[in-house]
1. Looking at the range 1-14, can you tell me whether even one residue there is under 30 Å from Gly77 (Cα atoms), surrounded by fewer than 16 Cβ atoms within 10 Å (Cβ to Cβ) and modelled with pLDDT under 90?
2. Filter the range 59-114 down to the residues that are loosely packed, with under 15 Cβ neighbours inside 10 Å, more than 30 Å from Ala26 (Cα to Cα) and polar (S, T, N, Q), then identify the one that is modelled with the lowest pLDDT.
3. Just to be sure I understand, how many residues within the range 27-48 are among the small types (Gly, Ala, Ser) and free of Cβ contacts under 8 Å to residues at least 12 places away in the same chain?
4. Which condition does Pro17 not pass, out of (1) part of a loop (DSSP other than H, G, I, E, B); (2) modelled with pLDDT of 90 or more, if it passes all the others?
5. Mind checking whether some residue in the range 56-64 is over 30 Å from Arg16 (Cβ atoms) and either touching a strand residue (DSSP E or B) at 6+ places or on another chain (Cβ under 7 Å) or not acidic (Asp, Glu) (or both)?
6. Could you tell me which residue of the range 34-43 is farthest from Pro20 (Cα to Cα), considering only residues that are surrounded by 18 or more Cβ atoms within 10 Å (Cβ to Cβ) and out of contact with any Leu (no Cβ under 7 Å at 6 or more places or on another chain)?
7. Failed condition for Leu25, given (1) modelled with pLDDT under 90; (2) in contact with a helix residue (DSSP H, G or I) (Cβ under 9 Å, 6 or more places away or on another chain), with all others met?
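The values are calculated or read from the model by the stated rules, or taken from the named source; none is laboratory data. Note that this is a predicted model, so its numbers are computed, not measured. No Cβ is skipped: glycine too gets one built from the backbone with ideal geometry, and neighbour counts run over all protein chains shown.
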Amino acid sequence: MTNQPRPSSASDEAHRPPEPRGNGLAIASLCVSVAGLVTCFGAVLLGLIGAILGHIALRSIDRDPGHYRNRGVALAGVIVGWIAFVLMGIGSFLFFFVVTAPSESSSVLNGILRTIFGG
């Protein structure tokens, strides 16, 4: 005798729990966060929006884990969004010092870099 799969009936499918689906906010979070990382001056706004969307998606996934399946995508959106936000903040800070007062900012910037790198 061979083990043949028995045909499924309508009653079997009615009792089966629904498959978890993807969370749209998680996907949007990752897309917006990557866009913020790729664009230069949009990173402050897009990175922040991507991180916030990711936090909202994580909260909804954690609230009902059997309903959604892409927690990793939401977490990646949060991480990439905060990285984009922080990198753009550092870049804006350095850009401000270089453009606004080059003679004064070079000594301040050199002092900051010496402090960080111990030179």
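1. Applying the first criterion (under 30 Å from Gly77 (Cα atoms)) to the range 1-14 yields none.
For the range 1-14, residues under 30 Å from Gly77 (Cα atoms), surrounded by fewer than 16 Cβ atoms within 10 Å (Cβ to Cβ) and modelled with pLDDT under 90: absent.
2. So the residue we want is Ser103.
3. Initially, the range 27-48 is screened for residues among the small types (Gly, Ala, Ser), giving 28-29, 33, 35-36, 42-43, 47.
Imposing the further condition that a residue be free of Cβ contacts under 8 Å to residues at least 12 places away in the same chain reduces the set to 42.
Qualifying residue count, the range 27-48: 1.
4. (2)
5. no
6. Filtering first and then ranking leaves Leu37.
7. Here Leu25 meets the rest and fails (1).
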